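Following: one structure in structure tokens, then a few remarks.
The values are calculated or read from the model by the stated rules, or taken from the named source; none is laboratory data. In this text, all values refer to a predicted model and were calculated from it rather than measured experimentally. Every residue, glycine among them, receives a Cβ derived from its backbone with ideal geometry; neighbour counts consider all protein chains shown.
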Protein chains: 2
Amino acid sequence: MALKVVEAANAGLYGKWLTGKRVALSAQHGIDGVWAEYAITQANLCLPVRKALSDEQAATIIVNPCISVCLVERAIALGSKTIVINAGASQVGKGGRYYAKLKGIKAIATVRSAANVEVLQALGADCELLTSDDSFDHSLKHWAKKIKAKVLLDSVAADDTSRVLNAMPNSSTALVYGRLTETQDVLSGLFSVADVIFRDMRIEGFWLAKYIGDASPLQVLALSSKVQKLFAQGIFKTDIYARVSFDDFAQALDHYAEHKSDGKVILLPNS
Amino acid sequence: MALKVVEAANAGLYGKWLTGKRVALSAQHGIDGVWAEYAITQANLCLPVRKALSDEQAATIIVNPCISVCLVERAIALGSKTIVINAGASQVGKGGRYYAKLKGIKAIATVRSAANVEVLQALGADCELLTSDDSFDHSLKHWAKKIKAKVLLDSVAADDTSRVLNAMPNSSTALVYGRLTETQDVLSGLFSVADVIFRDMRIEGFWLAKYIGDASPLQVLALSSKVQKLFAQGIFKTDIYARVSFDDFAQALDHYAEHKSDGKVILLPNS
């Protein structure tokens with residue numbers, strides 16, 4: 001994702017309207033290059049941003065904040081009034097937490113480090129559970145039943161999808177949108193055949209690029225405007241850990257890989 | 001599943017109407033005993049059977065034939081005009097094949113033994129693939145793309161769900177209703193996280209007991225009547241391998257476990 005100004009467009013009236021506007025953009029599927037001075041991408045992948053939003057925050061609105069909104073809206077469409085957010089201290093997890101609260105949706109957040117329990121408590125999560133606690137499965141089952149959490153936002157996958165689903169009420173759905181667990185087999189996710197058959201558990205995925213690709217420009221604008229309103233209201237905010245030039249990028253990326261929940265690294269080509 | 005005559009019922013008008021009727025029945029969840037002379041079960045789990053149906057065929061209408069119909073109807077509801085039937089020579093697989101044909105739905109059937117390729121060819125399957133062929137994955141991909149097979153009926157699970165889904169077009173759904181693969185972990189199913197996220201693959205289960213439990217008596221009667229019409233028309237037929245008394249049951253069960261596609265074993269308590 002990047003932030004640029006539209007120089008020229010070959011996309012009808014919508015393209016004309018976009019021209020001259022500051023936009024957050026992402027690369028076309030399979031084609032990279034948005035870090036270059038000029039880049040070409042689809043009109044649908046350019047989200048015009050409001051003046052009130054800083055360049056840095058604007059550069060982050062595609063991807064995580066949009067994913068948070070889409071996931072919570074999918075949970076609402078699935079009829080759930082409560083969600084479980086696996087890896088709740090991630091940017092998408094926190095965003096999901098904020099947006100869920102705004103929509104009156106309760107949330108159980110799981111975290112993998114004790115420090116993040118406090119971070120989520122400060123955000124006012126309904127319940128935070130540390131996955132390494134001995135009582136984790138038991139507590140999750142207790143809470144998921146108590147507040148009827150029937151949708152799981154899962155960015156961990158591997159064993160976690162079946163482990164967390166197993167603790168949730170019948171007819172729950174996992175929305176898998178990432179695989180933070182480092183496994184040998186990059187493709188492997190596990191599900192409990194018994195839970196899928198006898199407890200009506202379902203697994204589906206979410207990929208923002210597909211969502212935006214399938215959406216009309218109007219739907220994309222609506223999503224973008226919703227996300228920016230949340231930034232303007234101070235409800236959404238992307239944590240930024242560092243701002244670096246190309247020279248220090250490798251080092252900053254290494255830090256990010258090890259400490260993802262510290263926040264994003266912003267690349268400033270001209271600094 | 002068993003065949004009995006309703007002696008008495010405590011289920012309102014519907015129960016009164018059932019009394020005296022010959023019914024195929026299954027046991028209540030967690031409560032066994034339908035092989036006894038008298039058994040108690042829910043009214044919803046008793047399907048009145050037509051006179052034209054023999055006792056033996058009638059005893060088999062619950063479970064497999066109903067599952068075949070429900071799975072194909074779920075595929076139709078999901079908007080697919082073509083299905084992949086994994087383990088296509090099973091009773092549910094064959095039933096699904098017959099019913100799909102009736103509904104104008106094309107089918108790719110996979111089989112695990114060469115002998116069953118011929119069995120399915122004789123049934124007029126659109127395409128039969130032997131899972132042990134070197135070209136299996138390639139052929140499956142070719143055929144699934146060609147005839148746009150977007151729903152998988154999967155009774156094998158374990159590695160098969162991800163293997164077969166991987167060969168199918170984007171946005172396909174696996175309906176998992178069994179786990180024929182004998183694995184160490186009875187719960188384990190595998191899915192490709194990448195396919196679920198980036199190719200919009202979904203996994204859901206099907207369990208007849210839940211379907212019937214959630215359905216109204218009218219919906220159950222409609223399903224039962226549909227299945228029996230198919231038996232009457234000679235479209236459905238349960239293959240019966242043996243009829244045995246309690247004395248020879250253990251031996252017959254061992255044979256069944258090893259040769260499931262030979263057909264069902266009917267237990268005749270009074271023979």
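Out of curiosity, is A:G189 of a type in the set (G, A, S) and either more than 14 Å from chain B (Cβ to nearest Cβ) or not in a strand (DSSP E or B) (or both)?
no
Can you say whether A:S162 is within 12 Å of chain B (Cβ to nearest Cβ), in contact with a Lys or Arg (Cβ under 6 Å, 6 or more places away or on another chain), surrounded by 18 or more Cβ atoms within 10 Å (Cβ to Cβ) and at pLDDT 90 or above, as far as the supplied structure shows? So that I can check it myself, show each step before the final result.
Numbers: within 12 Å of chain B (Cβ to nearest Cβ): yes; in contact with a Lys or Arg (Cβ under 6 Å, 6 or more places away or on another chain): no; surrounded by 18 or more Cβ atoms within 10 Å (Cβ to Cβ): yes; at pLDDT 90 or above: yes.
Spelling it out, it is not the case that A:S162 is within 12 Å of chain B (Cβ to nearest Cβ), in contact with a Lys or Arg (Cβ under 6 Å, 6 or more places away or on another chain), surrounded by 18 or more Cβ atoms within 10 Å (Cβ to Cβ) and at pLDDT 90 or above.
Sort through A:A27, A:A39 and tell me the only one that's of a type outside the set (V, I, T), closer than 26 Å to A:R179 by Cα and out of contact with any helix residue (DSSP H, G or I) (no Cβ under 7 Å at 6 or more places or on another chain).
Only one candidate qualifies: A:A27.
Quick check on region A:188-222: of everything there that is farther than 30 Å from A:T41 by Cβ and among the basic types (K, R), which residue is surrounded by the most Cβ atoms within 10 Å (Cβ to Cβ)?
Among them, the one singled out is A:R202.
Quick one: which of B:V34, B:V49, B:V72, B:V63 is of a type in the set (A, V, I, L, M), over 30 Å from B:K145 (Cα atoms) and surrounded by 23 or more Cβ atoms within 10 Å (Cβ to Cβ)?
B:V49
A:I235 versus (1) part of a loop (DSSP other than H, G, I, E, B); (2) more than 14 Å from every other protein chain (Cβ to nearest Cβ); (3) surrounded by 16 or more Cβ atoms within 10 Å (Cβ to Cβ): which is the lone unmet condition?
The failed condition is (3).
Yes/no per residue for (1) under 22 Å from B:P169 (Cβ atoms); (2) modelled with pLDDT of 90 or more; (3) not hydrophobic (A, V, I, L, M, F, W, C):
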site: B:K4; (1), (2), (3): no, yes, yes
site: B:V23; (1), (2), (3): no, yes, no
site: B:V34; (1), (2), (3): no, no, no
site: B:E56; (1), (2), (3): no, no, yes
site: B:N64; (1), (2), (3): no, no, yes
site: B:G95; (1), (2), (3): no, yes, yes
site: B:A109; (1), (2), (3): yes, yes, no
site: B:V119; (1), (2), (3): no, no, no
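Residue-wise test of (1) in contact with a Pro (Cβ under 9 Å, 6 or more places away or on another chain); (2) assigned to a helix (DSSP H, G or I); (3) not basic (K, R); (4) not assigned by TED's automatic domain parsing to the domain that holds B:A107.
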{"position": "B:G20", "(1), (2), (3), (4)": "no, no, yes, yes"}
{"position": "B:V23", "(1), (2), (3), (4)": "yes, no, yes, yes"}
{"position": "B:Q28", "(1), (2), (3), (4)": "no, no, yes, yes"}
{"position": "B:D32", "(1), (2), (3), (4)": "no, no, yes, yes"}
{"position": "B:Y38", "(1), (2), (3), (4)": "no, no, yes, yes"}
{"position": "B:T41", "(1), (2), (3), (4)": "no, no, yes, yes"}
{"position": "B:A52", "(1), (2), (3), (4)": "no, no, yes, yes"}
{"position": "B:A58", "(1), (2), (3), (4)": "no, yes, yes, yes"}
{"position": "B:S68", "(1), (2), (3), (4)": "no, yes, yes, yes"}
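Output yes when any residue across region A:206-221 is in contact with a strand residue (DSSP E or B) (Cβ under 9 Å, 6 or more places away or on another chain), of a type outside the set (D, E, K, R) and not in a helix (DSSP H, G or I), and no when none is.
Within region A:206-221 (the criterion being in contact with a strand residue (DSSP E or B) (Cβ under 9 Å, 6 or more places away or on another chain), of a type outside the set (D, E, K, R) and not in a helix (DSSP H, G or I)), the answer is yes, since at least one residue qualifies.
Say whether the condition of being facing another protein chain (nearest Cβ under 7 Å), closer than 28 Å to B:K146 by Cβ, among the β-branched types (V, I, T) and crowded, with 21+ Cβ neighbours inside 10 Å is met by at least one residue in region B:168-179. Write out each step before concluding.
The first filter runs over region B:168-179 and keeps only residues facing another protein chain (nearest Cβ under 7 Å), leaving B:176-177, B:179.
Pick out the ones that are also closer than 28 Å to B:K146 by Cβ and you get B:176-177.
Okay, now just the ones that are also among the β-branched types (V, I, T), so B:176.
Next, from what is left, pick out any that are crowded, with 21+ Cβ neighbours inside 10 Å: B:176.
Yes.
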